[in-house]
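Here the structure comes first, spelled out in C-alpha cells, and everything after it is commentary.
The values are calculated or read from the model by the stated rules, or taken from the named source; none is laboratory data. All figures in this text were calculated on a predicted structure; none of them were measured in a lab. So basically every Cβ, Gly included, is an ideal-geometry build from the backbone, and we count neighbours across all protein chains shown. Just the protein is used for accessible areas: all its heavy atoms, side chains included, with ligands, DNA and RNA removed. Shrake-Rupley method; radii C 1.70, N 1.55, O 1.52, S 1.80 Å.
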Amino acid sequence: MGPDPLVETTLTFSAEELRDAAAATSDDIVEGPALVVRAGGGRTGESFGLSRERTRIGRSPDCEVFLDDVTVSRNHAVIVRQGDACTVEDQSSLNGTFVNRRRIDAVPLANGDELQIGKYRLTFIAQ
C-alpha cells in the first residue's frame, strides 16, 4: 500500500540544495541575496532576487514578490537591504510574518532562515 495522499509531508533542504534547485529551475541566475520558495502555491523552487533597497512581499500584484493567496495580506512584509545585510519587516499583516517559526515585527535575516508568509515557506539565501 502506497503513501496516504491526505497526509502532509515536510521536506527539509539545506541552503546549498535550495540554491542548486533555484539555479536548475530558473532561466535567470539570481545574483546576491534571494528568497527561494520551499512550499506553497505550487511554486517550489522559484526564486526572487533581493537587489533593491526595499523588496515588497504581498498579495498585491504591485509587490516585487507576489504571493497570490488569501492568507497573504496585500502588503504583507518588506525586505530592507543595507549593503550585504537584509532585514524583514512585517507590515501590520493580518496573519503575521514568521522567521524560523517565530512571529516577528522586524528581524535581521541570516543565511538559511525560513520565512513563513501565509501558506508560503521561503528560505533566505545570503549568497
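Data table
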{"read-out": "Unmet criterion (only one of (1) surrounded by fewer than 14 Cβ atoms within 10 Å (Cβ to Cβ); (2) modelled with pLDDT of 95 or more; (3) closer than 15 Å to residue 119 by Cβ) for residue 10", "value": "(2)"}
{"read-out": "Unique residue being modelled with pLDDT of 95 or more and surrounded by fewer than 16 Cβ atoms within 10 Å (Cβ to Cβ) when the list is 25, 87, 55", "value": "87"}
{"read-out": "Which numbered condition residue 30 fails, given (1) in a loop (DSSP other than H, G, I, E, B); (2) open to solvent by less than 100 Å² (accessible area, probe 1.4 Å); (3) modelled with pLDDT of 95 or more", "value": "(3)"}
{"read-out": "Every pair of residues 6+ apart whose Cβ atoms lie under 8 Å, when the first sits in segment 114-127 and is within 16 Å of residue 68 (Cα to Cα) while the second is in a loop (DSSP other than H, G, I, E, B) and among the acidic types (Asp, Glu)", "value": "118/69; 119/69; 120/69"}
{"read-out": "Hits in segment 74-111 (condition: under 20 Å from residue 52 (Cα atoms) and either acidic (Asp, Glu) or outside any strand (DSSP E or B) (or both))", "value": "74, 75, 76, 83, 84, 89, 90, 91, 109, 110, 111"}
